[in-house]
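Each remark here refers to the structure printed beneath this line.
The values are calculated or read from the model by the stated rules, or taken from the named source; none is laboratory data. Please read all numbers here as calculations on a predicted model, not as lab measurements. Note that each Cβ is placed from the backbone with ideal geometry, even for glycine, and that neighbours are counted across all protein chains shown. We work out accessible area using only protein heavy atoms, side chains counted, and drop any ligands, DNA or RNA first. Shrake-Rupley method; radii C 1.70, N 1.55, O 1.52, S 1.80 Å.
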Amino acid sequence: MSEPLIIDCDPGQDDAVALLVALAARERFDLLGVCTVGGNVPLDLTTTNALKVLELAGRTDVPVFAGCQNPLMRPLVTAEYVMGNDGLAGAELPPPRTAPAATHAVQFLVETLRQAERPVTIATLGPLTNLALALAMDPSIRRGIGRTVMMGGTMHRGNIVPQAEYNIYVDPHAARIVLNAGLDPVLIGLDVTHQVVNTIARIEAIAGIGTRAATAVARMFLPHARIQEGLPPDAKPRGLMHDPCVLAWLLRPELFGGRRVHVGVETDSEVTLGATVVDWWGVTKREPNATVLKEIDVEGFFALVSESLARLP
Ligand code: BDR
Ligand code: CA
């Protein structure tokens, strides 16, 4: 039986790849909907981009629900400097022929999870605003949620500020709500995603697949790979496929290693705002609230992405 799945995202180049990996696993996932949130680019663009990616994959049957424009308490911080002004630089996708559903993403989450007959897997690829608001509107929706897996956090260096990963930093209050909701999520942060470096050879191999999905992905990531190969070894990696790691974990968890731990999120101090405080050694004796992943089989990951892109139009 296929696994009911909702993806909450802010496409975003790497979100787009994650959506494509999910769409390629058609027999595995029953994709109930794609929710969008303001993040990498403003909400109108993340929503348009989700529609474009579904159309690229020939899956306009999957509904898109536009969600929150802004984080709960803070102004939105976008990431055009990585993703380009439209969020999907290089993909060159035509304007979508479809429109988002009339229902707000938070309403969709609440209604779907309230009525769920089977546990629904939630995959989050952006700031956690939609899921936090849904949990605030109706905490009982937890009963409808099966597995929760999120791209977010870092145990070491940040990518948007020194101390924090982008998705958590943009809406730290939402991240704290979600982490404290008893969902026991799996967190895939920069400790994992900074290992999946885009080499020119890897992206050229994707270009060689020849499907239109693979071509769009290669067009988005080849410029990053070219810059990456000119960087010194300890530089911040460039334009990574963070979000597809979430789908890779759902499809092939054996590619990853991690540990159940307690994770706190800093929401008060400006200096350390959005930091994910991971008690890896259990020094606080606090009850674990998440599983934080640290290891990934990088070749296995790229093989999965390539196999997925080969299965799409
Ligand atoms: C995360 O931030 C976004 O820019 C990416 O899409 C990814 O979800 C990486 O920190
Ligand atoms: Ca994202």
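Condition check ((1) among the small types (Gly, Ala, Ser); (2) open to solvent by 10 Å² or more (accessible area, probe 1.4 Å); (3) within 11 Å of ligand 1 (Cβ to nearest atom); (4) at pLDDT 95 or above) across all residues:
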{"residue": "132", "(1), (2), (3), (4)": "yes, no, no, yes"}
{"residue": "137", "(1), (2), (3), (4)": "no, yes, no, yes"}
{"residue": "158", "(1), (2), (3), (4)": "yes, yes, yes, yes"}
{"residue": "182", "(1), (2), (3), (4)": "yes, yes, no, yes"}
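Using the structure shown, decide if residue 251 is open to solvent by 10 Å² or more (accessible area, probe 1.4 Å), touching a Lys or Arg at 6+ places or on another chain (Cβ under 7 Å) and among the hydrophobic types (A, V, I, L, M, F, W, C). Step through it out loud before you land on a result.
On the way: open to solvent by 10 Å² or more (accessible area, probe 1.4 Å): yes; touching a Lys or Arg at 6+ places or on another chain (Cβ under 7 Å): yes; among the hydrophobic types (A, V, I, L, M, F, W, C): yes.
Criteria met by residue 251.
Can you tell me how many residues in region 219-252 are more than 16 Å from ligand 2 (Cβ to nearest atom) and in a loop (DSSP other than H, G, I, E, B)? Even if it seems obvious, please write down each step before you answer.
Step one: list which residues in region 219-252 are more than 16 Å from ligand 2 (Cβ to nearest atom), which gives 219, 222-223, 225-236, 251-252.
Narrowing the set further to residues that are in a loop (DSSP other than H, G, I, E, B) leaves 230-236, 252.
The qualifying residues number 8.
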- request: Output the number of the condition that residue 109 fails; it satisfies all remaining conditions of (1) open to solvent by less than 10 Å² (accessible area, probe 1.4 Å); (2) farther than 22 Å from residue 12 by Cα; (3) out of contact with any Asp or Glu (no Cβ under 7 Å at 6 or more places or on another chain).
  value: (2)
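Kindly indicate whether residue 103 is in a helix (DSSP H, G or I), more than 18 Å from the chain's Cα centre (by Cα) and surrounded by 15 or more Cβ atoms within 10 Å (Cβ to Cβ).
The answer is no for residue 103.
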Inter-residue pairs, beta-carbon under 7 Å, first without any contact (Cβ under 8 Å) to a residue 40 or more places away in the chain and in region 208-234, second in a helix (DSSP H, G or I) and of a type in the set (Gly, Ala, Ser), 6+ apart: 215/207; 218/207
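Identify the residue in region 257-271 that is part of a strand (DSSP E or B) and open to solvent by 30 Å² or more (accessible area, probe 1.4 Å) and, among all such residues, is nearest to ligand 1 (Cβ to nearest atom). Full working, then the answer.
First, the residues of region 257-271 that are part of a strand (DSSP E or B): 257-261, 263-265.
Among the residues that remain, those that are also open to solvent by 30 Å² or more (accessible area, probe 1.4 Å) are: 258-260.
Details: 258: 17, 259: 21, 260: 22 Å.
Applying the filter and picking the extreme gives 258.
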task: Return the residue satisfying two criteria in turn: it lies in region 272-313 and is among the β-branched types (Val, Ile, Thr) and surrounded by fewer than 18 Cβ atoms within 10 Å (Cβ to Cβ), and of such residues it is nearest to the chain's Cα centre (by Cα).
output: 298
